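Inspection log for the structure reproduced underneath, given as structure tokens.
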Amino acid sequence: MAAVLLLMNTYPLLVSEDLVFRTKAASLQNSVSVMVYSLSGLDQLDEENVAQAMAALEETGLSRILVTDSAGKVLYDTRETNDAVGEYSFYTEIVQALLGVDTSSSSYRDGAFRSRAASPVLYQNQIIGAVYAYEYDTEQAALLEGLQSNLLRLSAGIAVATLCISGLLSLALTRKIARLLTAIRKVREGAYSHRAEVRGRDEIAQLAQEFNSLTDRLQTTENARRRFVSDASHELKTPLAAIRLLTDSILQTENIDPVTAREFVSDIGAEAERLSRITEDLLRLTRLDSGVMETPTVVDVLPVMEQVLRMMGLVAQEKGTELTYRAEGTCTVLASRDEIHQVIYNLTDNAVKYAPPGSTVQLSLSRQGEQVVLTVEDNGPGIPAEDLPRIFERFYRVDKARSRAAGGTGLGLAIVSDTVAKRGGTVEAANRPGGGAVFTVRWPWQGGGAA
Ligand code: ADP
């Protein structure tokens, strides 16, 4: 802005000054030419004939006119007081004119334009004298000065307005940034519930909104982390407390009979097994969280499903549960065999675990468009509607006692959901209209033949 104002204050003035100089020089030269013309008939110049010729001319309005002979002696001078007639004049312009050159110059000083012009007077190609004219003009100078002061006033106005506006804008901006900065510091110090308050719709406000939604996510993650740590320690504490209790009983009971001791030790073994199941599941989840994944290959899901069913067959048979499956289409997905095995195993294990003896568990596998869909259905108790949205959470169990009794860790479905999500798939739970639960897994279908 300063550069623009500087330019605005100099350029127009320089241009108009130059324009005035040119017009003045040209018009003065013109006037001098007229005077030279009126003297041109004379063979030599003297005070008398010059005065006569000049008197015949119209009023020029010039400040001073000098006519000299060829030696530079002044023959005619319009200056009323103290004229220079009879003296020798050595003005540069006159000297130049006597050398045969037309000269003119203009300058601006102390609020006035001063212009000078001189030309030689010739008779038969001989220089017999010179005419010199001088103009002192304050009128146009005043106009120019007026323009200059107007421009200055305008520039000052613009400068003040610019300063005020940019001051106000930067004040508003820094205030918003300061508020955002305070919010960032507070959240950094752990106040995850703090939110940045910035009104408006500009970039800073958008930044604040982004920051707030980031903080929302941070808070959710932080809450989930805390809950997970407390749940995990609780889950680990329970079997450990049981082990301590059992060992204390053995140690404190004198002459304990071998049958009871054996029972206690086998309980200790069961609790230790439970601990190892929980830690195994926790490790599996930690691996999933860390994002380190096996390199995927194209896996045919059907053989993996058949393997799981063979594994589960004995347990199901013992419970009197019937395990059936049907499959259609080439169901190949991009994942690892272990992952697919884990997902099908956890879902089938749950179905067998929670369905009462004598029920049926049915698995189905099919390709639907660009998806491979696996469903695991049972005709057990199903899942209460209010628990459905939460059963994929870590350690969430509808019936804690039942899950524990069945050897559950509360992590099975969380592992399923994370594993499937890692490969771009989804899993959902619902209740069958006729009773029982149905779990549906969808993986993106991957052609190209299984490895
Ligand atoms: P758990 O180790 O307790 O089985 P999961 O994460 O596998 O943990 O399952 C979470 C909860 O979801 C279970 O505790 C159970 O209450 C419920 N659930 C899972 N599968 C079924 C099912 N097929 N029928 C009824 N309830 C189920």
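The values are calculated or read from the model by the stated rules, or taken from the named source; none is laboratory data. Worth saying up front: this structure is predicted, and the values here are computed from it rather than measured. Cβ coordinates were reconstructed from backbone atoms using ideal geometry, including for glycine residues, and neighbour counts include every protein chain displayed.
Numbers at a glance
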{"item": "Exclusive hit being away from the ligand (no atom under 12 Å from the Cβ), assigned by TED's automatic domain parsing to the domain that holds G320 and in a loop (DSSP other than H, G, I, E, B), set G424, G410", "result": "G424"}
{"item": "Residue in segment 84-102 that is in the same structural domain as A25 (by TED's automatic domain parsing), surrounded by 15 or more Cβ atoms within 10 Å (Cβ to Cβ), assigned to a strand (DSSP E or B) and of a type outside the set (S, T, N, Q) present", "result": "no"}
{"item": "Filter pass, Q307 being touching a Gly at 6+ places or on another chain (Cβ under 9 Å) and away from the ligand (no atom under 14 Å from the Cβ)", "result": "no"}
{"item": "Pairs where the first residue, in segment 352-366, is in a helix (DSSP H, G or I) and the second is more than 10 Å from the ligand (Cβ to nearest atom), C-beta under 7 Å, 6+ apart", "result": "V352/M312; V352/V315; V352/A316; V352/K319; V352/T321"}
{"item": "Residues (within 22 Å of F228 (Cβ to Cβ) and either within 12 Å of the ligand (Cβ to nearest atom) or aromatic (F, W, Y) (or both)) located in segment 374-388", "result": "I383, D387, L388"}
{"item": "Flag if Q342 is of a type in the set (S, T, N, Q), without any contact (Cβ under 8 Å) to a residue 40 or more places away in the chain and touching a helix residue (DSSP H, G or I) at 6+ places or on another chain (Cβ under 8 Å)", "result": "no"}
{"item": "Check on V333, under 19 Å from T419 (Cα atoms), within 15 Å of the ligand (Cβ to nearest atom) and at pLDDT 95 or above", "result": "no"}
{"item": "Hits in segment 353-373 (condition: closer than 28 Å to G424 by Cβ and within 14 Å of the ligand (Cβ to nearest atom))", "result": "V361, Q362, L363"}
{"item": "Those residues of segment 394-405 which are more than 7 Å from the ligand (Cβ to nearest atom), without any contact (Cβ under 8 Å) to a residue 60 or more places away in the chain and of a type in the set (A, V, I, L, M, F, W, C), in sequence order", "result": "A401, A405"}
{"item": "Selection status of S403, among the polar types (S, T, N, Q) and not in a helix (DSSP H, G or I)", "result": "no"}
{"item": "Options T440, T419; residue that is closer than 30 Å to T330 by Cα, within 14 Å of the ligand (Cβ to nearest atom) and not in a strand (DSSP E or B)", "result": "T419"}
{"item": "The lone exception for S105 - which of (1) over 60 Å from the mean Cα position of the chain (by Cα); (2) part of a strand (DSSP E or B); (3) crowded, with 18+ Cβ neighbours inside 10 Å; (4) in contact (Cβ under 8 Å) with a residue 24 or more places away in the chain it fails", "result": "(3)"}
